[in-house]
Amino acid sequence: MRIDYPANIKIIRLPCTGKIDVIHLLRAIQKGADGVYVVGCLEGTCHYNEGNYRARERVDHVRMLLEEIGLESDRVRMYNLSSGEGPTFAAYAKEMTEHIRSLGPNPLKASAKV
Amino acid sequence: MIVAKRKPFEEIKEMIKDYKKVLNVGCGTCVAVCLAGGEKEVAVLNAEIDMARKLDNNPVELGAQTVERQCDHEYLEELDDIVGDYDAIISMACGVGIQFLAERFPDIPVYPGVDTTGMSANQAVGWYEERCRSCGQCVLGMTAAICPVTMCAKGLYNGPCGGTNQGSCEIAMDQDCAWFRIYERLERQGRLKEIIEYTPPVEWNDQVPRTLIQPGYKKPEKAKES
C-alpha cells in the first residue's frame, strides 16, 4: 500500500490496547512527548471482547489527570480502526500531528529527562 | 479487604507545596489490590506531581518506595535508612498504615495520599462494595448474613423503619432496604421466626480505639517485664 504518514510519529506496538496503562501514557508526556494517541480495534470487534473499551477508559482517565496537572487534555487521544484500514491509519496520524502542532510543544520538554 | 480511593490531586498538591524533597510510600497489600495505593499508583501520583510542579516552576525531588504493609513494624523497618533524606512523606496506605508510618517517623510530616473508604468486597476489577463497618459486635447470625449496620442507612438492628419501599431504601431507589433483604433470605431459608429475635442496644465499644490480641498470642507476663 505504501501510504505516507508523518515521520515524527513513533509507533509502540502492543498485543492489545487493553494492555495500555495510565502510567504508560503519563510517562510519555512526562518525558516530553508532545502528544500520545492510542489506536485500537473498532469498538465491538475486540478479540478479547473489551480490550479497546478498557483502553478508552484509561485514555479518558489520563485526559482528566492532564487537566488536573495543568496540561491540555487533548494531547492524549484514542482512535479506532480495523487492521485493514491503512489509509485511515495514515489519515488519523496526519490529523493527530496537525492537532498537536496547533497545541504547540509540550511545555515540560525543556525540563524532561529523556 | 480495606479499600481506599486516591485523594484529589489538587488536595495532595496543596499539602506538599512547600516541600522540595518528598517520599511517596505505597502499601503493597489492601490498597494495592484495590488499585488505590500500590506501586503503580505511587508511580502515577509521582508523575502527576513531577509534571505539575515543573509547570509551576517549583520542581520537587520525589522518591518512591512501596512496602509490603505499612501496618506492620517489620515492613516499615525497610524505610528507616531512607526517610531521613526527605522533607515530607506521602503515604498511600489506608488510615491505619498512614498513622503507623507517622508513629515510626515522628519528626517527619506525613500526609495522606488516599481516602480510606471502608471494608469491601470485590465485585469486578476496580469495583468494590462495602459489606462491613467493623462495629465489633457481629449480628450476622440472626440477620441471614446481611449486615444491617452497613446496609441500612440508619443502621437499625431490629427491623426496618417506615421508609422501606418495596425492597428499596427511602434514601435512593437503587439502595436496597437491608431489612427487606434480611426478611427475604430468612424466609427462603425457612428461618423467618428468627426475625423477631431482639438485639439489645449495643455498647458502642467502637467509640474508642480498639486493641485486639488473638487467643494464644498474648505476650507472656515474664517476657513483657524483660
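Within the range B:80-127, considering only strands (runs of 3 or more DSSP E) that don't extend past its boundaries, which have at least 3 residues that are of a type in the set (S, T, N, Q) and closer than 16 Å to B:T66 by Cα?
Numbers: elements: B:88-91, B:110-112, B:114-124.
Counting at least 3 such residues, we get no strands (runs of 3 or more DSSP E) at all.
Give me the pairs, please: first residue somewhere in the range B:48-65 and more than 10 Å from chain A (Cβ to nearest Cβ), second residue anywhere and surrounded by 19 or more Cβ atoms within 10 Å (Cβ to Cβ) and among the polar types (S, T, N, Q), beta-carbon distance under 7 Å, and either six or more positions apart or on two chains.
B:L62/B:N24; B:L62/B:N46; B:G63/B:N24; B:A64/B:N24; B:A64/B:N46
Is the range B:12-26 home to any residue that is more than 14 Å from every other protein chain (Cβ to nearest Cβ) and within 16 Å of the chain's Cα centre (by Cα)?
No, every residue in the range B:12-26 fails to be more than 14 Å from every other protein chain (Cβ to nearest Cβ) and within 16 Å of the chain's Cα centre (by Cα).
Considering each of B:D72, B:D85, B:D174 in turn, give the residue that is acidic (D, E) and at pLDDT 95 or above. Steps first, answer last, please.
Numbers: B:D85 fails: at pLDDT 95 or above; B:D174 fails: at pLDDT 95 or above.
Just one listed residue meets the conditions, B:D72.
Run down B:A36, B:A43 and say which single residue is of a type in the set (A, V, I, L, M), touching a residue at least 12 places away in the same chain (Cβ under 8 Å) and either within 9 Å of chain A (Cβ to nearest Cβ) or in contact with an Asp or Glu (Cβ under 7 Å, 6 or more places away or on another chain) (or both). Reasoning before the result, please.
Values: B:A36 fails: either within 9 Å of chain A (Cβ to nearest Cβ) or in contact with an Asp or Glu (Cβ under 7 Å, 6 or more places away or on another chain) (or both).
Exactly one of B:A36, B:A43 is of a type in the set (A, V, I, L, M), touching a residue at least 12 places away in the same chain (Cβ under 8 Å) and either within 9 Å of chain A (Cβ to nearest Cβ) or in contact with an Asp or Glu (Cβ under 7 Å, 6 or more places away or on another chain) (or both), namely B:A43.
Which number in (1) closer than 26 Å to B:K17 by Cα; (2) more than 15 Å from the chain's Cα centre (by Cα); (3) without any contact (Cβ under 8 Å) to a residue 24 or more places away in the chain marks the one condition that A:P107 misses?
(3)
Residues are listed down the side, and each one gets a yes or a no for (1) farther than 19 Å from B:V31 by Cβ; (2) among the charged types (D, E, K, R); (3) in contact (Cβ under 8 Å) with a residue 12 or more places away in the chain:
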site	(1), (2), (3)
B:Q99	no, no, no
B:I108	yes, no, yes
B:Y111	no, no, yes
B:A124	no, no, no
B:C152	yes, no, yes
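In the list A:M78, A:M96, which residue meets the criterion of being part of a helix (DSSP H, G or I) and within 12 Å of the chain's Cα centre (by Cα)?
Numbers: A:M78 fails: part of a helix (DSSP H, G or I).
Only one candidate passes the filter, namely A:M96.
State which residue is surrounded by the most Cβ atoms within 10 Å (Cβ to Cβ) when the search covers only the range A:2-54 and only residues that are away from chain B (no Cβ under 14 Å) and in a helix (DSSP H, G or I).
Ranking the qualifying residues of the range A:2-54, first place goes to A:N52.
For the range B:90-108, does any single residue satisfy the condition of being within 14 Å of another protein chain (Cβ to nearest Cβ) and of a type in the set (S, T, Y)?
Looking for residues that are within 14 Å of another protein chain (Cβ to nearest Cβ) and of a type in the set (S, T, Y), one finds none in the range B:90-108, hence no.
For B:T150, indicate whether it is part of a helix (DSSP H, G or I) and either at negative phi or out of contact with any helix residue (DSSP H, G or I) (no Cβ under 6 Å at 6 or more places or on another chain) (or both).
Details: part of a helix (DSSP H, G or I): yes; either at negative phi or out of contact with any helix residue (DSSP H, G or I) (no Cβ under 6 Å at 6 or more places or on another chain) (or both): yes.
Criteria met by B:T150.
Within the range A:61-75, take every residue that is free of Cβ contacts under 8 Å to residues at least 12 places away in the same chain and in a helix (DSSP H, G or I) and give me the one that is surrounded by the most Cβ atoms within 10 Å (Cβ to Cβ). Break it down stepwise before answering.
To start, the set of residues in the range A:61-75 that are free of Cβ contacts under 8 Å to residues at least 12 places away in the same chain comprises A:64, A:67-70, A:73.
Remaining after also requiring in a helix (DSSP H, G or I): A:64, A:67-69, A:73.
Working: A:M64: 12, A:E67: 13, A:E68: 16, A:I69: 24, A:S73: 16.
Among those residues, the one meeting the criterion is A:I69.
In the range B:63-106, which residue that is surrounded by 18 or more Cβ atoms within 10 Å (Cβ to Cβ) and among the β-branched types (V, I, T) is farthest from B:K40 (Cα to Cα)?
Going through the qualifying residues, I end up with B:V83.
Quick one: would you say B:A4 is among the aliphatic types (A, V, I, L, M), at the interface with chain A (Cβ under 9 Å from one of its Cβ atoms), buried (at least 19 other Cβ atoms within 10 Å of the Cβ) and within 25 Å of B:S120 (Cα to Cα)? Lay out the reasoning, then the answer.
Details: among the aliphatic types (A, V, I, L, M): yes; at the interface with chain A (Cβ under 9 Å from one of its Cβ atoms): no; buried (at least 19 other Cβ atoms within 10 Å of the Cβ): yes; within 25 Å of B:S120 (Cα to Cα): yes.
The answer is no for B:A4.
Out of contact with any Ser or Thr (no Cβ under 6 Å at 6 or more places or on another chain) and either within 20 Å of A:E68 (Cβ to Cβ) or modelled with pLDDT under 95 (or both) - does that describe any residue in the range B:95-105?
Looking for residues that are out of contact with any Ser or Thr (no Cβ under 6 Å at 6 or more places or on another chain) and either within 20 Å of A:E68 (Cβ to Cβ) or modelled with pLDDT under 95 (or both), one finds none in the range B:95-105, hence no.
The values are calculated or read from the model by the stated rules, or taken from the named source; none is laboratory data. As the structure is a computational prediction, the values presented were derived from the model and not from experiment. Virtual Cβ from ideal backbone geometry, glycine too; neighbours counted across all protein chains shown.
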